[in-house]
Every structure is written in C-alpha cells, then in structure tokens.
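Notes to accompany the following structure.
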Amino acid sequence: MAVGLAFVFWICFDLSCCHPRSCTWRRVCISAMALLVLMAAVGLAVALGLLQRAPVNRFCAASENRTGFLCDDRVTCVPASQVCNRVRNCRNGEDEQEELCGDLPHSLPGHLVFRCSDPLVWVYADQRCNRMNDCGDCSDEMGSLAACPLCGSEWWSCSPVLYEYCSCIPRRLCRDGVQHCHSWSDEYICRP
C-alpha cells in the first residue's frame, strides 16, 4: 500500500504531468491519492479494532437437533444450556467469555434464550420441549410460546402432570406406584 501511495504521489505531483491543457489528469491523480489515503485509514481502523466487524453467526444445531452455540473453530457446537456454565467447552473458551456471560440472559444471543410466560423467568433454548418443567409453569413445554410436538410413543400423555413433567411422562413411569398424572391415569390406564 505504501509503494502504491508513493507511486501515485510521484505521478501526481510530477510537474511535467500537468500541462495547462491537461489539468484534469492532475485532478484524477489527486482523487486517486485521496482514495488511497481513505483506504489506508479504513485498513488501519479495522486493524486496530476501531471499526466494528460484522457479528459472527453463532447458531448451530447440537445433538438431537437442539439449539447450540458455535465455537470459533466453526465445528464444535455447544448445547445452549452448556454456555456460561463455567466450563470451557470451546477450545478457546469463547463460550465462557465475559461479554457473553456477564449479564445473563441479556448478554446472550437471542437464539440461546427461551422466555417463559413469566417475564422474569428464562431458560436456555435447548431446555424448551425437553418434556421437563424448566420454567416452573410448563410454559416451556405447552402453549403457543413453546410450540412443542405431541408426546411420542415412549411417552404417556396426561395433563396436568405433577412434579417435574408437564403434559407427558416417560412410559417407564407408568404403574410404578407413584402418581405422576393428576388423574392417576399413569397408574391405572397407561401401559409401560
């Protein structure tokens, strides 16, 4: 870049290049020089970090198609609930950096957060639709906010559910002598 700038300077300010009839050439040279100076200034600002770079897309799908955080290596996908857990899951530790974890949940990218029906409560996005009552009011499992699929074949559907589940319980809990469904259907109707 410095060589290019010196060349433009030599061409533009060589007194023989601007004759009374060809002063437009000098204007072109001055414009080219101004452009080079501007490019050098922008390059320097980027190198010094004065201009903000475009944000890196950190969205990825972790195991079982759960929402995740993409590490700098662009290969490792950390499940959302393992970000800011004080364990470095990314090789360079970017999943635990202060700018990401300093003011939870506000400092997290939006794709890592699920807001419960209570505006003061949030859970990590990969805890939505995991069949567990992570919000405390089942809003992460039922309703329009969650948009979860129906119970699968390994689950028994009953609502309301007691304890940690919401609208489905694992079939392995059927007829285990413990009431999980409010209606007791897990003990009298469900088959493991």
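The values are calculated or read from the model by the stated rules, or taken from the named source; none is laboratory data. Predicted model, so just to flag it, every value in this text is computed and none were measured. Quick reminder, even Gly has a Cβ in these numbers, built from the backbone with ideal geometry, and neighbours come from all protein chains shown. Please note that ligands, DNA and RNA were not included when accessible areas were found on the heavy atoms of the full protein model with its side chains. Shrake-Rupley method; radii C 1.70, N 1.55, O 1.52, S 1.80 Å.
Give the residue list of trypsin sites (Lys or Arg not before Pro) in the range 106-192 that are DSSP loop and have at most 15 other beta-carbon atoms within 10 angstrom.
Values: sites: ARG115, ARG128, ARG131, ARG171, ARG172, ARG175; in loops: ARG128, ARG131, ARG175.
Sites meeting the loop and neighbour criteria: ARG175.
Using heavy atoms of the protein chains and a probe of 1.4 Å, the accessible area assigned to HIS106 is about 130 Å². Remark on GLN179: its backbone amide H falls under 5 Å from none of the residues 5 or more positions apart or on other chains, H modelled at 1.01 Å from N. A 1.4 Å probe run over the range 49-152, with the rest of the protein chains in place, finds 61 Å² accessible per residue.
Place the peptides 66-74, 87-95 in order of packing, highest mean first, counting for every residue the other Cβ atoms within 10 Å and averaging per peptide. Provide the component values of the computation, followed by the final result.
Numbers: 66-74: 18.8, 87-95: 15.8.
The packing order, highest mean first, is 66-74, 87-95.
Only protein heavy atoms count here; under a 1.4 Å probe, SER159 has an accessible surface of about 80 Å².
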